[in-house]
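A.B. asks: I'd like to ask you about the structure that follows.
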């Protein structure tokens, strides 16, 4: 389909008649009819059934329409950019991916810092699980991604931003106060407690399982979750002890839980990911630096 065919097809789909479509795009009715006929000849199938001056979309037209709508959304973006360029106001866009643990406190701080330096930038943020972040970056659907733990993907460039300690979240009342020590909670002491566990497919869940095997500790999960914030929320509701990263621990409700370091010390890395074969933009590099700064502020390092 040519662009003119698409414009007319979209107008008819929106209005339901040739006359209304002609008024919408400011052309004559015969021009709309001719364009539709030409489009159908090129496609090899009918787009509309004609009856009593009304056009009813065929199944083929209904299948095409969602894709046409997406195309017009993109055309609108092009027009907005052209208008900005005409008035000397280039609007920058940055596509950012993050895991959920960084989306509550760290990433908002970083975005605020970026916007102070680049007030014209539009930041599009999506919180995903680590495998989804990796997949989206490989498909070039984002400029930069932020994850906890390393990712074994040679097509992605890794930049280490921070090392984050793991913490134990203990619901108040789960243990007598004399057994809650500010210096930390031993992994072995969790064996006798109900535990909110992370999915073993999660990189952090795998680290915790590995540490348990190394120290001969068997935990007793009562709930298994997929995100660190879900683990924190479960612990805040008293369902069991949870092991989370320092970024998640920083937003815990201290009225409901004790937050103590996990012993022996267990750390995970926060990394920025970018497609290795694609040069990083100024904005992507600036966002990475703001994330590094935000991590220092949140973690107190």
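Laboratory data are not the source of any read-out in this text; all were calculated from the coordinates shown. What you are looking at is a predicted structure, and each value in this text was computed from that prediction instead of being measured. Don't worry about glycine lacking a Cβ; one is built from the backbone with ideal geometry, like all the others, and counts go over all protein chains shown.
A.B. asks: Hey, quick one: spin label on residue 126, modelled 7 Å out along Cα-Cβ, who in the stretch 92-119 has an amide N within reach, i.e. under 12 Å?
C.D. replies: 95-98
A.B. asks: What whole-number distance in Å separates the alpha-carbon centres of the stretch 169-235 and the stretch 261-301?
C.D. replies: 25
A.B. asks: Here's another thing I want to ask about it. Normalising by the residue count of the chain, find the relative contact order in percent from Cα pairs under 8 Å and 6+ residues apart.
C.D. replies: Taking the mean separation of contacting Cα pairs over the length of the chain, I get 21 percent.
A.B. asks: Output the antiparallel fraction of DSSP beta bridges having both residues in the chain, as a percent to the nearest 5.
C.D. replies: 60
A.B. asks: Something else now. Any idea what angle helix 3-15 forms with the longest principal axis of the chain, computed on alpha-carbon atoms, 0 to 90 degrees, nearest 10?
C.D. replies: 80
A.B. asks: Relative to the first principal axis of the alpha-carbon coordinates of the chain, what is the inclination of helix 282-299, with its axis defined by its Cα atoms, in degrees from 0 to 90 and to the nearest 10?
C.D. replies: With both axes taken from Cα atoms, the answer is about 30 degrees.
A.B. asks: Sticking with the crude label model, points 7 Å out along Cα→Cβ, report the distance from residue 289 to residue 28 in nm, one decimal please.
C.D. replies: Simple spin-label model gives 6.1 nm for this pair.
A.B. asks: Another question about this same structure. Give the angle, between 0 and 90 degrees and rounded to the nearest 10, that separates the Cα long axis of helix 106-117 from the longest principal axis of the Cα atoms of the chain.
C.D. replies: For helix 106-117, the angle is close to 60 degrees.
A.B. asks: Can I ask one more? What is the diffusion coefficient of the chain in µm²/s, taking the Kirkwood radius over Cα pairs and the Stokes-Einstein relation at 25 °C with a viscosity of 0.890 mPa s?
C.D. replies: This corresponds to a translational diffusion coefficient of 106 µm²/s.
A.B. asks: Given contacts defined as C-alpha pairs under 8 Å and at least six residues apart, what's the relative contact order of the stretch 201-301, whole-number percent?
C.D. replies: It rounds to 21 percent for the stretch 201-301.
A.B. asks: Next question, about the same structure. Suppose R0 equals 22 Å; then what is the FRET efficiency for residue 282 and residue 79 from their Cβ-Cβ distance, rounded to the nearest 0.05?
C.D. replies: 0.30
A.B. asks: Suppose a student asked you for the relative contact order of the stretch 88-151, using Cα pairs under 8 Å spaced at least 6 residues apart; what percent would you report?
C.D. replies: Reported as a whole number, the value is 50 percent.
A.B. asks: Which of 94, 64, 175 moves the most in a Gaussian network model of the chain with Cα springs under 10 Å?
C.D. replies: Comparing 94, 64, 175 in the GNM, the peak value goes to 64.
A.B. asks: When the chain is fully extended, how far beyond the present Cα-Cα distance does residue 68 get from residue 37, taking 0.36 nm per residue of separation?
C.D. replies: Details: separation 31, 0.36 × 31 = 11.16 nm, distance 1.78 nm.
Taking residue 68 through residue 37 to full extension adds about 9.4 nm, to one decimal.
A.B. asks: Between residue 118 and residue 301, with labels modelled 7 Å along Cα→Cβ, what's the label distance in nm to one decimal, could you check?
C.D. replies: 2.5
A.B. asks: Given springs between every Cα pair under 10 Å in a Gaussian network model of the chain, which of 115, 23, 285 has the largest fluctuation?
C.D. replies: 23
A.B. asks: Please give, to one decimal in nm, the separation of the simple spin-label points placed at residue 153 and residue 3, each 7 Å out from Cα toward the Cβ.
C.D. replies: The answer from the label model is 3.4 nm.
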